[in-house]
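Visitor: This is the structure I have questions about; it appears just below.
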Amino acid sequence: MTADALPEPGAARSAPDRLLAVLAAFDHDHPALTLTDISRRAGLTLTTAHRLVGALTEWGALERDADGIYHVGLRLWEVAALAPRGLALRQIALPYLEDLYEATHENVQLAVRDGDEVVYIEWLSGRSAVGVHIRVGARWPLHATGVGLALLAHSDPASQETYCQGELAAFTPYTVTDGARLRRVLAEVRRTGVAVSSRQVTEDALSVAAPVRGPGGAVVAAVSVVVPRAGAQVPVLTPAVRVAARGISRALGWQPDEASTPRAGRGSGGGGGSSSGGGPGSLIPGRSALPAPRSTPLPAPPS
């Protein structure tokens, strides 16, 4: 029997499923693949992989270099740039992220939720900032990161309960892996308006995150600063992160409502960055205010 006559491992899958399997063969750990690699990782025969890769390359979704290695093509980047929770959100948020970075000179991150994971769409890092396992496009479980906790805490109760009842992966001895404890953490995030994640992904890092709201008030993203745990001053970082998140929210078209703005709790950094009556305050004492909100709101991202 020839190779062409062999039953395909993915024979039960539809044509779109096989096409998507080819694209899914690429990830951050495998950005460049041979045709054989694609065939193996996609679960397809070499003949089928060759046909699909050829079609994707012709369209521009994949590119083949001089050595015959395939990479993700620019055509996919063009399409992905149209996502309202991707490049468009990043462009609006970037001035506020840059201001937060200038105030702290630490890692600054912007992320959105995708199912049970957080996806990072922007990351600013300083030369001397604490090392993080993050890059643009990286994914992490919601419970293990500050941005993930901020997003999960402001999702609907049913979604939170389903997540808390699921398996919670551990990355360090300090990662929250108990559902009951995670519920308490999420309640604290809602009470204070910020999420503090300490030593959950790496034992030397601490992050402070705050939710970003869209035009209707729903949380559509989260912004955070990640610092070395040793010497971290959460009360100082909290108002800075809050102000950055509020600035992005206003730029997206959110109108703050004093009755719905979370009040600072004890130990959460005070209310300096959370007052709802006026414009954004300074990031830290002695610094200038954030840039004025952008006038063109972003369309509300899908929930």
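Visitor: Can you pull out the residues in the stretch 26-54 that are surrounded by 14 or more Cβ atoms within 10 Å (Cβ to Cβ), within 11 Å of residue 70 (Cα to Cα) and among the hydrophobic types (A, V, I, L, M, F, W, C)?
Guide: Once the filter is applied, which keeps residues that are surrounded by 14 or more Cβ atoms within 10 Å (Cβ to Cβ), within 11 Å of residue 70 (Cα to Cα) and among the hydrophobic types (A, V, I, L, M, F, W, C), the stretch 26-54 yields 26, 33, 35, 38, 53.
Visitor: Test residue 189 against the criterion of being touching a helix residue (DSSP H, G or I) at 6+ places or on another chain (Cβ under 8 Å), at pLDDT 95 or above and under 19 Å from residue 227 (Cα atoms), and give yes or no. Don't jump to the end; show me each part of the working.
Guide: Numbers: touching a helix residue (DSSP H, G or I) at 6+ places or on another chain (Cβ under 8 Å): yes; at pLDDT 95 or above: yes; under 19 Å from residue 227 (Cα atoms): yes.
So residue 189 fits the description; yes.
Visitor: So for the stretch 97-114 (the condition being part of a helix (DSSP H, G or I), of a type outside the set (Asp, Glu), open to solvent by 30 Å² or more (accessible area, probe 1.4 Å) and farther than 30 Å from residue 72 by Cα), does at least one residue qualify?
Guide: yes
Visitor: Sticking with this one: Being open to solvent by less than 30 Å² (accessible area, probe 1.4 Å) and either out of contact with any Ser or Thr (no Cβ under 7 Å at 6 or more places or on another chain) or without any contact (Cβ under 8 Å) to a residue 12 or more places away in the chain (or both) narrows it down to one residue among 216, 247, 231; which is it? Explain how you work it out, then say what you get.
Guide: Numbers: 216 fails: open to solvent by less than 30 Å² (accessible area, probe 1.4 Å); 231 fails: open to solvent by less than 30 Å² (accessible area, probe 1.4 Å).
The conditions single out 247.
Visitor: Something else: Based on what the data block shows, is residue 296 out of contact with any Lys or Arg (no Cβ under 7 Å at 6 or more places or on another chain), at pLDDT below 50, of a type in the set (Val, Ile, Thr) and surrounded by fewer than 21 Cβ atoms within 10 Å (Cβ to Cβ)?
Guide: Working: out of contact with any Lys or Arg (no Cβ under 7 Å at 6 or more places or on another chain): yes; at pLDDT below 50: yes; of a type in the set (Val, Ile, Thr): yes; surrounded by fewer than 21 Cβ atoms within 10 Å (Cβ to Cβ): yes.
So residue 296 passes the test.
Visitor: Tally the residues that are open to solvent by less than 50 Å² (accessible area, probe 1.4 Å), outside any loop (DSSP other than H, G, I, E, B) and of a type in the set (Val, Ile, Thr), restricting the search to the stretch 55-78.
Guide: So the answer is 1.
Visitor: Give me the residue from the stretch 196-210 that is among the hydrophobic types (A, V, I, L, M, F, W, C) and in contact (Cβ under 8 Å) with a residue 60 or more places away in the chain and, out of that set, surrounded by the fewest Cβ atoms within 10 Å (Cβ to Cβ). Explain how you work it out, then say what you get.
Guide: Restricting attention to the stretch 196-210, the residues satisfying the condition of being among the hydrophobic types (A, V, I, L, M, F, W, C) are 196, 201, 205-206, 208-210.
Going one step further and asking which of them are in contact (Cβ under 8 Å) with a residue 60 or more places away in the chain, we end up with 201, 205, 208-210.
Values: 201: 22, 205: 25, 208: 31, 209: 28, 210: 31.
Per the criteria, the residue is 201.
The values are calculated or read from the model by the stated rules, or taken from the named source; none is laboratory data. In this text, all values refer to a predicted model and were calculated from it rather than measured experimentally. Here Cβ is always computed from backbone atoms with ideal geometry, including for glycine, and neighbour counts include all displayed protein chains. Heads up: the accessible areas ignore ligands, DNA and RNA and are worked out on the full protein's heavy atoms, side chains in. Shrake-Rupley method; radii C 1.70, N 1.55, O 1.52, S 1.80 Å.
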